[in-house]
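Below you'll find the structure, written out as structure tokens, and then a few comments.
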Amino acid sequence: MAGVLDGVRVLDFGRYIAGPWCAALLGDMGAEVIRIEKTAGSEDRYLMPLTPGGEGGQFLQMGRNKRGMTLDPMTDEGRVIVRELVATADVVVANLPPQGLAAMGLDYESLRAVKPDIILTTVTAYGTGGPASDRVGFDGIAQAQSGAMHLSGPADQPMKSVAPFADFGTATLSAFGTMAALMHRARTGEGQHVEASLLGTALSFMNGNLIEQAVNAPDRVGTENRSQHAGPGDTFATRDGWVLVQCVGDPLFRRWCRLMGEEALIDDARFADDQARGDNGEALSRRMAAWCGQRTTAEVLEALDAARIPAGRVLSPQQVLEDEHVRAMRFFRSIEWPGIDTPIPVSDTPVRFSSLESGVRTRAPRLGEHTGEILTSLGYDRQRIAALREQGIV
């Protein structure tokens, strides 16, 4: 069965997460994705090195379902190859500054001159059109400038999420925008420049908090893991670990009160609604902490599950890999890599369909693994490919 994007060719000039994960998601849906990187390998290939060649965990995730080629697009012949590739493509993905795109001939006008209906999907840190547009940045900068870090951690120490949500969120929205552009092109024949930014994504994720600040100006600060808008919602130490508990809404709060033997709290004005429980959440967290501290994690979760109160064990990365539910759901695909004895757990497409084909099919490419075959498909013979390699162009 073919994927929904079967026949769509994507050129992935992305780096790190926002561009490469967008392209990976398109590949999961059946697109042919060609990852194009520096002749020595791009920096993101080597983060968290694991393989004999130095490929890292992030690249092994981002590079699935892609063919790989190396290319120096800053050379005259390299730019010629870029144009030849673009002529065969449907989508170009790049999370590079506008100046870099223009220098490589990857800006929208240059691409349209080669292929009028091309779709260019770009990601920048700040978006285009504002005073910070030319600045560079990573996920953490977006977290910092969206208000998210200010409201995480304790009041006197901003805290960044280790999970790069601005990067992954931007990549996912970019894939969403790219598929919308493909639908538009199918109807009208018109190409599109799809733009996303790390800061725009982070602000979207934080919008509810920013709306509250604009209307009520509570000037909130971080309360570590304790919820400021409902309760009890916090992390709690058990006799042998930690759990996170989240009560949101009156029915859950009533069930929690009964479980605690604290029915009187149901009519306590301090806990009359979610916001009141968030405002007075410290008292609720103290009560819950005392209850959890007398029990094992298994006992806590069993009681909370029986009461239908959302809770989960705080797991280490190793515990995640060993988790019974994670394994049963097959959230990861085991991928073989040359020279590594241990199968690599690569996250499968995080969306499932009743009949559409999607998911991880192939491992990430080794450096320049498919350069020869891609150039051959463009009409290059062995001698010319060898000359390009000797000159360091591919």
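The values are calculated or read from the model by the stated rules, or taken from the named source; none is laboratory data. These numbers were taken from a predicted model, which means no experiment stands behind them. Here the Cβ is made from the backbone with ideal geometry for all residues, glycine too, and neighbour counts use every protein chain on show.
Tabulated results
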{"quantity": "Qualifying residue in the stretch 237-246 (condition: among the small types (Gly, Ala, Ser) and either modelled with pLDDT under 95 or in a helix (DSSP H, G or I) (or both))", "calculated": "no"}
{"quantity": "Candidate set: the stretch 287-298, residues that are of a type outside the set (A, V, I, L, M) and under 34 Å from the mean Cα position of the chain (by Cα); chosen: the one surrounded by the fewest Cβ atoms within 10 Å (Cβ to Cβ)", "calculated": "Thr296"}
{"quantity": "Residue within the stretch 142-158 that is in contact with a His (Cβ under 9 Å, 6 or more places away or on another chain), at pLDDT 95 or above, in a loop (DSSP other than H, G, I, E, B) and not acidic (Asp, Glu) present", "calculated": "yes"}
{"quantity": "Filter pass, Gly30 being within 20 Å of the chain's Cα centre (by Cα), over 30 Å from Gly140 (Cβ atoms) and assigned to a loop (DSSP other than H, G, I, E, B)", "calculated": "yes"}
{"quantity": "Yes/no for Met149 being buried (at least 19 other Cβ atoms within 10 Å of the Cβ) and in contact with a Phe, Trp or Tyr (Cβ under 8 Å, 6 or more places away or on another chain)", "calculated": "no"}
{"quantity": "Lone qualifier among Ala180, Ala196, Ala166 - being buried (at least 17 other Cβ atoms within 10 Å of the Cβ), within 17 Å of Ala23 (Cβ to Cβ) and in the same structural domain as Gly137 (by TED's automatic domain parsing)", "calculated": "Ala196"}
{"quantity": "Lone qualifier among Leu356, Leu367 - being of a type outside the set (D, E, K, R), under 30 Å from Pro343 (Cβ atoms), out of contact with any strand residue (DSSP E or B) (no Cβ under 6 Å at 6 or more places or on another chain) and not assigned by TED's automatic domain parsing to the domain that holds Trp21", "calculated": "Leu356"}
{"quantity": "Top-ranked residue of the stretch 357-394 - restricted to ones that are over 29 Å from the mean Cα position of the chain (by Cα) and not in a helix (DSSP H, G or I), ranked as surrounded by the most Cβ atoms within 10 Å (Cβ to Cβ)", "calculated": "Val394"}
{"quantity": "Qualifying residue in the stretch 123-140 (condition: assigned to a strand (DSSP E or B) and either on the phi < 0 side of the Ramachandran plot or in the same structural domain as Asn95 (by TED's automatic domain parsing) (or both))", "calculated": "yes"}
